[in-house]
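Since every read-out is calculated from the coordinates, none of them should be taken as a lab result. If you're wondering where the values come from, they're calculated on a predicted model, not measured in any experiment. All Cβ positions, even for glycine, are placed from backbone atoms using ideal geometry, and neighbour counts span all protein chains on display.
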Amino acid sequence: MPSKSSIILEVSNLRIQRDGTVILNEVFWRVERGQHWTILGANGSGKTSLLSTLTGYLMPTAGEVAVLGQRYGESDWRELRKQIGLVSSSIRQLMADSEPALDTVVSGKYAMIDFWGTPSKADRARAMRILNQIECAYLADRPWLYLSQGERQRILIGRALMGNPRLLILDEPCAGLDPAAREHFLQFLQRLGRNKKAPTLVLVTHHVEEIMPVFSHALVIKEGHILAEGLKESVLNAEILTNAFNTPVKLTRAAGRYHLTVTGKSQSVI
Ligand SMILES: Nc1ncnc2c1ncn2[C@@H]1O[C@H](COP(=O)(O)OP(=O)(O)OP(=O)(O)O)[C@@H](O)[C@H]1O
């Protein structure tokens with residue numbers, strides 16, 4: 001049995017239902033320190049809903065959700081959110097065009113969008129260290145508007161790191177990146193995750209190619225329930241992914257990376 005402090009999050013018999021629609025059902029999931037997870041599933045399977053529950057934006061209909069030792073319903077989720085880093089397209093859209101990258105990183109300390117205050121010397125120094133860590137020191141003064149998609153993703157990770165999170169959730173961070181930018185970003189994620197002080201990573205992706213060796217575990221969702229979860233070697237196989245995507249697929253693995261090929265027609269009727 002893992003000690004309490006080593007449990008990053010625990011979801012038990014979670015059910016989410018809205019307007020008669022069951023979005024998630026019978027979800028059991030535990031993430032422990034030292035693990036990095038990836039979440040896979042077809043469009044509409046429930047990935048974002050699961051993440052929204054973890055960040056307190058979606059209320060469970062039944063079941064228990066505990067994140068970083070705080071139980072949903074008993075703790076102030078707004079406080080807890082400060083310990084969870086989140087990089088998602090919804091956050092990307094909220095950034096102010098004129099804000100320099102350094103200020104965007106600083107704003108992560110206050111879990112604020114569009115930072116209006118004057119950052120303290122110490123905050124600026126810390127943000128600069130983070131910019132170095134995310135290999136973006138050269139972007140410190142560049143406004144958000146001019147950053148490339150790949151640079152924006154890194155700056156948002158920097159912003160999340162400013163809050164010193166123990167959990168960093170990345171919801172499709174490679175969306176919109178060209179193949180080279182995507183690979184650079186993934187290599188960066190690999191280095192980040194390898195760092196002993198790194199937060200626990202949870203990556204939502206549609207592409208197995210984005211699952212870097214640093215990710216130790218995988219969770220596959222289908223139609224609101226868990227199809228498979230555990231060590232990625234036991235979860236990521238053609239049979240499970242064929243089921244998850246309702247389409248015959250072939251999965252290959254080389255040098256710790258995966259590659260998926262669709263080999264047949266979808267079995268679903270759209
Ligand atoms: N508030 C809501 N009320 C009713 N249905 C909802 C609500 N929120 C989500 N859903 C439905 O729940 C299902 C899961 O949605 P969710 O966004 O979690 O899927 P997803 O796996 O993240 O999909 P994608 O890969 O397309 O982003 C979808 O069918 C969606 O329409």
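From the phi angles alone, apply the Karplus equation (6.51, -1.76, 1.60; θ = phi - 60°) to the stretch 173-184 and give each ³J(HN,Hα) in whole Hz, x where the residue is Gly or Pro.
Result, rounded to whole Hz: x, 8, 4, x, 8, 6, x, 6, 4, 5, 5, 4.
Which whole-number percentage describes the relative contact order of the chain, with Cα contacts under 8 Å and a sequence gap of 6 or more?
This gives 22 percent for the chain.
So, counting K/R as plus one and D/E as minus one, what does the shell of residues with Cβ under 13 Å around Arg154 add up to?
Taking every other residue near Arg154 into account, the sum is +4.
Treating the angle as unsigned and between 0 and 90°, give the value, to the nearest 10°, between the Cα long axis of helix 149-162 and the longest Cα principal axis of the chain.
Rounded to the nearest ten degrees, it is 80.
Build a GNM of the chain with springs between Cα atoms under 10 Å: which of Pro179, Pro119, Pro100 gets the top mean-square fluctuation?
Fluctuation is largest for Pro179.
Under 10 Å, Cα contacts only: if you run a Gaussian network model on the chain, which one of His184, His225, His36 comes out with the highest mean-square fluctuation?
Largest GNM mean-square fluctuation: His184.
Which residue fluctuates most in the GNM of the chain (Cα springs below 10 Å): Thr53, Thr252, Thr104?
With Cα springs under 10 Å in the chain, the top fluctuation among Thr53, Thr252, Thr104 is at Thr252.
Take the alpha carbon gyration tensor of the stretch 188-240, find the square roots of its eigenvalues, order them as a ≥ b ≥ c, and report rounded if a/c is under 1.5; if not, report prolate when a/b exceeds b/c, else oblate.
Here the stretch 188-240 falls in the prolate category.
Which angle from 0 to 90°, rounded to the nearest 10, does the C-alpha axis of helix 121-133 make with the longest principal axis of the chain?
It is inclined by approximately 50 degrees.
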